[in-house]
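Every number in this text was worked out from the coordinates using simple rules, so none of it is lab data. Given the structure is predicted, the values throughout are model-derived calculations rather than measurements. As a convention, Cβ positions derive from the backbone with ideal geometry for all residues, glycine included, and neighbour counts pool all protein chains shown.
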Amino acid sequence: MLNYTLSKDNIEKLNYLIQDKNNISILNRFESSELEEKDYKYFEEIGIINKYKLIEKSVDHVIDTLANPYNTVNIMFTGGVSTYEQSINYNDKMDSPVMLTMTPDNIYIKDDDVLGVVDTLQDFVGNSSLKSINYSKKYNENEAYVIAVFLDMERKATLRSFIDEMPFSSNSYNVNMLWRVLNSTGSSIQWYVHILKKIIGEHKVLTQTQVKEALDSLVKKGDIVQVGSLYQPSAELTSLASRMIIVDNVLLVQSVVKKDVDEVISSGFTCVQTGVHDLLFIDFNGEEVILETISSSKLLNYITSFIK
């Protein structure tokens, strides 16, 4: 069993020692910086290199798996003010996984207990088979963006009702207001518009015409109610917004497989959590966005499946 605790400076020096990395290596996330004599001495003391300044044979498999993985499972967990990132790396035999964990303070590398990450995440997200509401929908990109705007607007309205001590009622929005909110939302995990843009992977600017077309489609589906020139969320969508008011955690899981030099296959999902019983699973398959409420135990099962 190998277990190393490194600083950001240490990992940059280690990165310099490792010349050959493929394009899915987690080490590409870090800079490289040339070693000084004290750095060589440190790496020799902890057993990463020998007296000839070469990687020790006992850690060859760890370094090679980190630098040239066949498969990586990357988990990023944003909870409160901290970000926790875990990269689980496999060779082409899919055995002897190597884990690299990034925290605000240190980077940890070890080669055992890959499912320990699930236990760690359970401490944050909980483990319950219950969920507050049932919501399961599929939307095209533009529809999903408009749904995200409604979620953000309704959450803001709910918070205002708490502050003003006034009864809450769903607001009505016109096309122009929805379009402005969609294209002016800030970069914060509190906003579903921002989260969705990160998931889809492009900064898409919808026109007012596209917003109107998406609204018309959502009206037909029953997710939005039209009242004259104004639009309101359905009771089901309002219920979802009321349960997802303050985002506590965002979890991103991605599995990447390097088939050959030119072929990389990727899959994954995002989960937004506001409480032990309030988790919204979000996935994008290239054509449709899936929104589904799930239990925390189901989330942990998904993560376990990805790791295995």
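Restricting to Cα pairs below 8 Å that are 6+ residues apart, what does the relative contact order work out to for the chain? Please round to a whole percent.
20
Straight-line reach from Lys38: which lysines fall under 27 Å, measuring Cα to Cα and dropping same-chain residues less than 8 apart?
Lys8, Lys13, Lys21, Lys51, Lys53, Lys57, Lys110
Rounded to a whole number of µm²/s, how large is the Stokes-Einstein D of the stretch 1-63 at 10 °C and 1.306 mPa s, given Rh as the Kirkwood radius over C-alpha pairs?
Using the Kirkwood radius from Cα pairs, D works out to 131 µm²/s.
I'd like the distance separating the alpha-carbon centroids of the stretch 141-204 and the stretch 4-67, in whole Å.
Spelled out, the Cα-based centre of one part sits 45 Å from the other.
How big is Rg to Rh over the stretch 1-113, alpha-carbon atoms, Rh as the Kirkwood inverse-mean-distance radius?
0.95
Largest first and to the nearest Å, give the Cα extent of the stretch 137-243 along each principal axis.
39, 32, 25
Just need the relative contact order of the stretch 137-243 here, percent rounded to a whole number, with Cα pairs under 8 Å and 6+ apart.
Relative contact order here is 36 percent.
Quick one: work out Rg over Rh on the C-alpha atoms of the chain, Rh as Kirkwood radius.
Expressed as Rg/Rh, it is 1.06.
Hand me the GluC sites (Glu not before Pro) from the stretch 193-248 located in a DSSP loop with no more than 11 other Cβ atoms within 10 Å, in residue order please.
Filter output for the stretch 193-248: Glu202.
Taking the chain as the reference, fit the longest principal axis to its C-alpha atoms, fit the long axis of helix 208-221 to the helix C-alpha atoms, and give the angle between the two in degrees, 0 to 90, nearest 10.
Roughly 80 degrees between the two axes.
Find how much the distance from Lys204 to Ser136 grows on full extension, using 0.36 nm per residue of separation minus their present alpha carbon separation; answer in nm with one decimal.
Between Lys204 and Ser136, full extension yields an extra 22.1 nm.
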